[in-house]
Amino acid sequence: MASDHSAVSFFETQPGTRGGITSWIFSTDHKRIGIMYLWGIMGFFIVGMLLGFLIRMELIAPGRDIMDQQTYNVMFTLHGVIMIFLVVIPSIPAAFGNIFLPIQIGAEDVSFPRLNNFSWWLYVAGASLALVSLFTGNGPPDTGWTFYVPFSSNVTTTNVDVAVMAVFILGFSSILTGLNFVTTLHRLRAPGMTWTRMPLFCWSLYATGWIQILATPVLGITVLLIFAERMLGVGLFDPAKGGDPILYQHLFWIYSHPAVYIMILPAMGVISDVLPVFARRDIFGYKMIAFSSVMIAFAGSLVWAHHMFTSGMSDTAVLVFSFLTFVVAIPSAIKIFNWVSTLYKGSIYTDPPLWFALAFIFLFSIGGLTGLILGSAGTDIHVHDTYFVVGHFHYVIFGGLGFGLFSAMHYWFPKIFGRMYNMRTAKIACVIIFTGFNILYFPMLIMGLQGMPRRYYDYLPQYTFGHQVSTVGSWILVAGLLLMFWNLLQGSLRGRKCSGNPWGGASLEWQIPSPPPHHNFVTDPVVDRGPYDFRGVERDDCR
Amino acid sequence: MTVVKDYTGAKLGMWLFLFTEILLFGGLFLLYAAYLHRYPADFHLAGKELNVVLGATNTVVLISSSWLMALSISALQQGRVEQSKKLLLGTLACAGMFLVIKYFEWSAKIHHGIYPDSPELLARPAGEVMFFGLYYLMTGLHGLHVILGGGVITYAYVLILKGRVTPQDFVFLENAGLYWHLVDLVWIYLFPLFYLIA
């Protein structure tokens, strides 16, 4: 490492301090916290992936294959809870947002560094509690990740109490991260870093932060109410006592629909950052992309009941929510068209981050279009609670957020580690993942249209072929993912060394050494150009 | 590197946190609205059973505590540290009084067999079950916030004693005050919704 005091990488012990494990777990350095989130998220991603793999194995043929019904219910519940609350919601904001948001706006850290460390501890506490719920009480929860009443309140005897407390704590962690980011973006932008000179990743985190602040508390109270129902038997959702279970669904989706925008918006921000760098031209429609992020956050908060078209709501409510759902499609489409226009007449470098970004655009488009079929009340009646929903959801969240996350991992990898992974292997992994993904999830869309219900342990013989194709796809997907993770791990340990700016990025994180030093900036940066102004920016070599 | 404290940022963060608190209670207010709409007559009858005198006393106590809190912040800003500390103790005393009165109210109701899932309550019309269910949940969650707020104020008091919150650096006390006013505000909505609905 360089002898210059200020250039010591944030991975190394800061000169004059003791170092060791406490310098990580009690660190208030946004980069260290981000890295710790990243490891946690990756670990749980692998667990969630294996659970998904086992679900697909069970579904390879009708009847019992490798597990009984109860185990199957537990498996899909855990797959959902782990993937949603421990992987997808924290993923890009908590990991890459923490590492890069302050650097991108020219700040030393987030507004509340100690609170940031506390958020991470809450994440650890929530994750531990989720693990505790597996091995205590009457076995792991089997309600599905939505915890619908009355099943979660007075039917199941499994360990729902501990699981919902885990969700409450994880929600709190998410709120504090969002609060920190919004305050940071308002208060700590460097001189010259105007709102329209921020990288679009920051804009997407700003919109995400607001949803985290405004929507997550509703999840908090919802899971607290489940807890109260189970402990005290208040009966607020119990028809026998005068309650209404539909109100639970409303409360749950008031959070959980905006939550899908917590998941997807940061990924959209990553794509908006990646495309211009590899197309070597300014992003098309900066202001519209930034505005559409805020628009999605706002409109996305008003569409929750489109999950409940078949619940017996009034037709007026169905019509209004269906209409609003179509409104949300507009800002998403604005982004897609602007991204494609950004590529037009660019001089494109086809490096791995771009491959994942292009896969994102393709898969997210399919996810978005299938979403319109679900958002339209008439067609939703037909496909409600079928594999069509499962397919749609995975196209949006895995195809969207997942590929956005992989793109972010490949894009910022040389910045975080100062090394480069094997580009060729990365591209091969991308193609395998993309292929496996489509073989896994596309048959779900078809089976859903044919009427295969979701969450079923067993199925009629006519669906056997679709399920088999899907299961084979899951093998390919898992192989691709393992190859990708192996390649990244290898790269972080033995990859070629890279200097500061291997992709020729123009935003601030590429102006500092790789890995970033403890103090982000030796001198306070003054910004006088946009984040995608590539005039005079060259790509550094990797050795 | 000198750390410059960002006052505006600290206050902004607190306000954002207050939004989350409002939405936390918002879920319960939503349930209240739905069930009031469904069972107006039962809510009317059940509301009559609550003790308006005790509820009104508690409202006065809590508003007074907010007033003392605001005075304490002003006192600290103007450099009157000792007075600020006394006013904080006054605020804490009010918080304690609120909890004691709440305790007597709750225990009287429980003594009469009215608590969630009690046979006495379940024998009543559905709307009353909902009313008292919400009563216990909402005032309970609010009571929890009074306890938490009391803890924050106590911590602020300790920080003043240690000289970490001073007339020059009072943002912690200001934020504690903001939090306390929110706790007060929630009660100002709860009081008419439960006690004056009849």
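Of A:86, A:101, A:73, which is farthest towards the positive pole of region A:17-110's charge dipole, taken about the Cα centre with +1 and -1 on the beta-carbons of Lys, Arg and Asp, Glu respectively?
Of the options given, the answer is A:101.
Hey, can you rank A:205-214, B:119-128 by average C-beta count inside 10 Å, highest first? List each step's numbers first, then the result.
Numbers: A:205-214: 26.4, B:119-128: 15.6.
Ranked by mean Cβ neighbours within 10 Å, highest first: A:205-214, B:119-128.
Taking beta carbons within 10 Å but only from partner chains, what does the mean come to for residues B:78-91?
On the way: counts 0, 0, 0, 0, 0, 0, 0, 0, 0, 0, 0, 0, 0, 0.
The per-residue average across the peptide is 0.
Enumerate the helices in chain A for which the Kyte-Doolittle hydropathy averages -0.5 or more and the C-alpha atoms extend at least 24 Å along the helix's axis, using complete DSSP H runs. If you can, show how the numbers build up before the last one.
Details: long enough: A:30-58 (41 Å, 1.18); A:113-135 (34 Å, 0.84); A:160-187 (40 Å, 1.42); A:200-232 (47 Å, 1.47); A:245-279 (51 Å, 1.22); A:315-343 (43 Å, 1.54); A:352-375 (33 Å, 1.83); A:423-450 (41 Å, 1.35); A:464-494 (45 Å, 0.89).
Flagged H segments are A:30-58, A:113-135, A:160-187, A:200-232, A:245-279, A:315-343, A:352-375, A:423-450, A:464-494.
Using only the Cα atoms, what convex hull volume per residue in Å³ does chain A have?
Values: hull volume 78.3 nm³, N = 543.
Per-residue hull volume (Cα only) is 144 Å³.
Quick one: A:325, B:166, fewest Cβ neighbours within 10 Å first, how do they rank?
Details: A:325 25, B:166 14.
Going from least to most buried by this count: B:166, A:325.
If R0 is 35 Å, what FRET efficiency do you get for residue A:28 and residue A:288 from their C-beta distance, rounded to 0.05?
Working: r = 36 Å, r/R0 = 1.04.
Here the calculated transfer efficiency is 0.45.
Hey, what number do you get for chain A at 222 nm if only DSSP H runs of n ≥ 4 count, each worth -39500 (n - 2.57), divided across all residues, to the nearest 500? The partial results should precede the final answer.
Details: 16 runs with 330 residues, N = 543.
After summing the helix terms and dividing by residue count, I get -21000 deg cm²/dmol.
Taking the Cα-to-Cβ direction at residue A:61 and at residue A:39 and moving 7 Å from each Cα, how far apart do the two end points lie in nm?
Modelled inter-label distance: 4.3 nm.
Within chain A, what's the longest run with no GluC sites (Glu not before Pro) in a DSSP loop and at most 16 other beta-carbon atoms within 10 Å? Give the range, please.
On the way: sites that count: A:12, A:538.
Longest site-free region, per DSSP loop and neighbour criteria: A:13-537.
Return the single residue from B:53, B:165, B:81 with maximal mean-square fluctuation; model: Gaussian network over chain B, springs between Cα atoms under 10 Å.
Highest fluctuation of the listed residues: B:53.
If R0 is 22 Å, what FRET efficiency do you get for residue B:161 and residue B:21 from their C-beta distance, rounded to 0.05? Before the final figure, lay out the partial values.
Working: r = 27 Å, r/R0 = 1.25.
Computed FRET efficiency for residue B:161 and residue B:21: 0.20.
Partner chain Cβ atoms within 10 Å, averaged over the residues of A:417-428 - can you pull that number for me? Show your work: numbers first, answer last.
Numbers: counts 0, 0, 0, 0, 0, 0, 0, 0, 0, 0, 0, 0.
Per-residue shielding by partner chains comes out at 0.
Determine the relative contact order of region B:8-195: mean sequence separation of Cα pairs under 8 Å and six or more apart, normalised by residue count, in whole percent. If you can, show how the numbers build up before the last one.
Numbers: 168 pairs, mean separation 62.2, N = 188.
Relative contact order for region B:8-195 comes out at 33 percent.
Across chain B, what fraction of all alpha-carbon pairs, as a whole percent, falls in each successive 10 Å bin from zero upward?
Distribution as computed: 9, 32, 30, 17, 10, 3, 0 percent.
How big is the dipole moment of the protein assembly as shown about its Cα centre under a simple scheme where the beta carbon of each Lys and Arg is +1, that of each Asp and Glu is -1, and everything else is neutral? Debye, nearest 20, please.
Dipole magnitude for the protein assembly as shown comes out near 1580 debye.
Just name one of A:374, A:522, A:342: the one whose Cα is farthest towards the positive end of the charge dipole of chain A (beta-carbon charges, Lys/Arg +1, Asp/Glu -1).
After comparing all options, I get A:522.
Tell me, in nm to one decimal, what length is gained between residue A:231 and residue A:155 on full extension, where the rule is 0.36 nm per residue of separation less the Cα-Cα distance? The partial results should precede the final answer.
Details: separation 76, 0.36 × 76 = 27.36 nm, distance 1.31 nm.
Gain on extension, residue A:231 to residue A:155, equals 26.0 nm.
Put +1 on the Cβ of each Lys and Arg and -1 on the Cβ of each Asp and Glu in region B:8-195; which of B:144, B:41, B:87 then has its Cα farthest toward the positive end of the dipole?
Sorting the options by dipole projection puts first B:87.
What is the sum of charges around residue A:222, taking Lys and Arg as +1, Asp and Glu as -1, for the other residues whose C-beta is under 15 Å from the C-beta of residue A:222? Please list the in-between numbers first.
Details: positive: A:230; negative: A:161, A:229, A:244.
Net charge in that neighbourhood comes out at -2.
Within 13 Å, Cβ to Cβ, of residue A:311, how many net charges do the neighbouring residues add up to if Lys/Arg are +1 and Asp/Glu are -1? Kindly include the intermediate steps, with their values, before the conclusion.
Values: positive: none; negative: A:244, A:315, A:380, A:385.
So the environment of residue A:311 carries a net charge of -4.
Per-residue counts of other Cβ atoms within 10 Å, averaged by peptide: what ranking do you get for B:112-118, A:458-464, highest first? List each step's numbers first, then the result.
Numbers: B:112-118: 16.6, A:458-464: 13.9.
By packing density, highest mean first, the sequence is B:112-118, A:458-464.
What does the net charge come to around residue B:180 if you take all other residues with beta carbon closer than 14 Å to its beta carbon, with K and R at +1 and D and E at -1? Please report the intermediate quantities before stating the final value.
Numbers: positive: none; negative: B:21, B:174, B:184.
My count for the surroundings of residue B:180 gives -3.
Every cysteine in chain A with no other Cys Cβ under 4.7 Å from its Cβ, please list them in numeric order.
Cysteines of chain A left without a disulfide-compatible partner: A:202, A:430.
Loop-only check: which chymotrypsin sites (Phe, Trp or Tyr not before Pro) in region A:339-374 are DSSP coil with at most 15 other Cβ within 10 angstrom? Don't skip to the answer; put the middle values down first.
On the way: sites: A:339, A:344, A:349, A:355, A:356, A:360, A:362, A:364; in loops: A:344, A:349.
Sites meeting the loop and neighbour criteria: A:344, A:349.
Per-residue mean of other chain beta-carbon atoms within 10 angstrom of the beta-carbon, peptide B:121-131?
Details: counts 3, 5, 0, 1, 1, 6, 1, 1, 8, 7, 1.
That works out to 3 on average.
Residue A:11 to residue A:465: extension gain in nm, 0.36 nm per residue of separation minus the Cα-Cα distance?
Details: separation 454, 0.36 × 454 = 163.44 nm, distance 4.97 nm.
That pair, residue A:11 and residue A:465, stretches by 158.5 nm at full extension.
Taking loop as defined by DSSP and a crowding limit of 12 other beta carbons within 10 Å, which trypsin sites (Lys or Arg not before Pro) in region B:1-90 fit?
Numbers: sites: B:5, B:11, B:38, B:48, B:80, B:85, B:86; in loops: B:5, B:80.
Of the trypsin sites (Lys or Arg not before Pro), the ones in loops of region B:1-90 whose Cβ has at most 12 other Cβ atoms within 10 Å are B:5.
Read-outs: derived from the displayed coordinates by stated rules, not from any lab. Computed from a predicted model, the values in this text were never measured in an experiment. For neighbour counting, all protein chains shown are included, and Cβ atoms are generated from backbone atoms with ideal geometry for every residue, glycine included.
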